[in-house]
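Worksheet: one structure, shown below.
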Amino acid sequence: MSLAAMQVQVKRNEDGIAAVKAALSSRFGERCLTSAAVCEQHGHTTTWLPNQAPDVVVFAQTTEEVAEIVRVCAQHKVPVIPLAPARHWKATSTRRAEASPSTSAA
């Protein structure tokens, strides 16, 4: 089976994404990034899957901030892809210390 045959098309929640971007930008300022370069960098995996760039990347500094990001995304029905620090690669199943709200399936 080809990769194209395995992909599921998901309708993007453009209104929700816009609301999340606005809320997170307001709350996190410069730690909330939406540039294409940053988002593309955070869309790479170590698998054969093509890049699935998030719509926004937030560099959370505390567990409470991560919880706040998840709450905002849940409120607007926008998926979240959590990433943990690379130094914890073997200790966790996530990759970096930011939460990347995104519509791409991971």
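The values are calculated or read from the model by the stated rules, or taken from the named source; none is laboratory data. Please read these numbers as outputs of a predicted model, since none were measured by experiment. Cβ: placed from backbone, ideal geometry, glycine included. Neighbour counts: every protein chain shown. Calculation scope for accessible area: heavy atoms of the full protein, side chains included, ligands and nucleic acids excluded. Shrake-Rupley method; radii C 1.70, N 1.55, O 1.52, S 1.80 Å.
Accessible surface of segment 1-79, 1.4 Å probe: 56 percent of it comes from carbon and sulfur atoms. Database remark: amide H of Ile81 closer than 5 angstrom to the amide H of Ser100, Ser102 (H placed geometrically; neighbours at sequence offset of 5 or more, or on other chains; Pro and chain starts carry no H).
If we sort 51-58, 5-12, 29-36, 76-83 on the protection proxy, mean other Cβ atoms within 10 Å, highest first, what's the order?
On the way: 51-58: 21.2, 5-12: 8.0, 29-36: 13.0, 76-83: 18.6.
Taking the mean over residues of other Cβ atoms within 10 Å, the ranking is 51-58, 76-83, 29-36, 5-12.
Whole-Hz Karplus values for segment 43-58 come out as x, 6, 10, 9, 10, 7, 5, x, 4, 10, 5, x, 7, 8, 10, 10 Hz, taken residue by residue from phi with 6.51 cos²θ - 1.76 cosθ + 1.60 and θ = phi - 60°; glycine and proline positions read x.
Let me know the whole percent of all Cα-Cα pairs from segment 1-57 that are separated by more than 19 Å. Present the calculation step by step, with values, prior to reporting the outcome.
Numbers: 685 of 1596 pairs.
Cα-Cα pairs in segment 1-57 separated by more than 19 Å: 43 percent.
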